[in-house]
Amino acid sequence: YAIIDPYLRRMPKEAILPHLPSVIRERREVEMSPKQEKAYVQMRDKLVAELYNDTLAVATTPLAKAQRLLQLASAYGEVFTTTDNEGKIHQEIELRDPSATLDTFIDDIDGFEGEQVAVFAPPRKLIELLSARMKKLNIPHGLLTGAISEEERQFHMDNFQEGRTPFILCTTGA
């Protein structure tokens, strides 16, 4: 602090960008589906959760456990296991329905009529699952994830910023 503070100047957003609307933060509590909750509790308590087709999701470290809990709180999943060139086994959870989080968002989508909404979520697969649902419902939206090209990201950002797209779905990393 003593070294860096003399070189920094903190300015509130209102002073630098007064034309931007204030950020609206809203926290919603969503009940997990019974399948989601069962898997979540298993992972939380035993570091192992039984998912689709009797596959097991395993967390071997606290960081892996936190990631798995975030995924299972977002949606149910299916486990895919791969082996790399060195013989190490890797697990990936493909998020699938049911997802109480996405159900709630889709149920509330009419309440955003006439507004532009940016949706952020850490798991890319959750954003992709929401995008698939919105496509099925013919709801125009943009997508910003690490899995799409820089040109496509820019296209979606431009459409959103110019008001042509009411929703933009983003991963927090992208």
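The values are calculated or read from the model by the stated rules, or taken from the named source; none is laboratory data. Everything numeric here is computed off the predicted structure, so don't read it as measured data. Note that each Cβ is placed from the backbone with ideal geometry, even for glycine, and that neighbours are counted across all protein chains shown. With ligands, DNA and RNA removed, areas are computed over all heavy atoms of the protein, side chains included. Shrake-Rupley method; radii C 1.70, N 1.55, O 1.52, S 1.80 Å.
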Size descriptor, Kirkwood hydrodynamic radius, that averages inverse alpha-carbon separations across segment 56-134, Å | 14.3 Å
Here, the chain modelled as identical Cα point scatterers in vacuum has Debye log10 I(q)/I(0) at q = 0.12, 0.13, 0.17 Å⁻¹ of -0.72, -0.82, -1.12
Listed residues Asp108, Asp84, Asp54, most fluctuating in the chain (Gaussian network, C-alpha, under 10 Å) | Asp84
The long-range amide H neighbours of Thr165, using H built 1.01 Å from N in the peptide plane and a cut-off of under 5 Å, are Phe160
Treat each spin label as a single point 7 Å out from the Cα along the C-beta direction, and report the Arg27 to Glu152 distance in nm.
-> 3.5 nm
Calc'd 3J(HN,Hα), segment 52-61, phi into Karplus 6.51 cos²θ - 1.76 cosθ + 1.60 (θ = phi - 60°), Hz, glycine/Pro = x, comes to 3, 6, 6, 7, 10, 9, 10, 10, 9, 9
Quick one: accessible surface of Met157, probe radius 1.4 Å, all protein chains present, in square angstrom to the nearest 10.
-> 60 Å²
Which order do Leu102, Leu47 take by accessible area at a 1.4 Å probe, largest first?
-> Leu47, Leu102
What FRET efficiency would be calculated for the residue pair Leu17, Tyr52, taking the C-beta separation as r and a Förster radius of 45 Å, to the nearest 0.05?
-> 0.45
Roughly how tilted is helix 150-161, in degrees to the nearest 10 and between 0 and 90, from the longest Cα axis of the chain?
-> 50 degrees
Arrange the residues Val117, Val23, Val41 by how much accessible surface each exposes, largest first, with a 1.4 angstrom probe.
-> Val23, Val41, Val117
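Quick check on the chain: helices-only [θ] at 222 nm, where DSSP H runs of length 4 and up contribute -39,500 (n - 2.57) each and the sum goes over total residues. Nearest 500, please.
The per-residue figure over the chain is -11000 deg cm²/dmol.
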Can you give me the relative contact order of the chain as a percent, contacts being Cα pairs under 8 Å and 6 or more apart?
-> 16 percent
Tell me, what HN-Hα J-couplings in whole Hz come from the Karplus equation 6.51 cos²θ - 1.76 cosθ + 1.60 at θ = phi - 60° for each residue of segment 87-101, using x for Gly and Pro?
-> x, 6, 8, 10, 10, 9, 9, 8, 5, 9, 6, x, 9, 5, 4
Please work out the average accessible area per residue across the chain, using the 1.4 Å probe convention, and give it in Å².
-> 70 Å²
Could you work out how far the C-alpha centroid of segment 91-117 sits from that of segment 137-174, in angstrom?
-> 16 Å
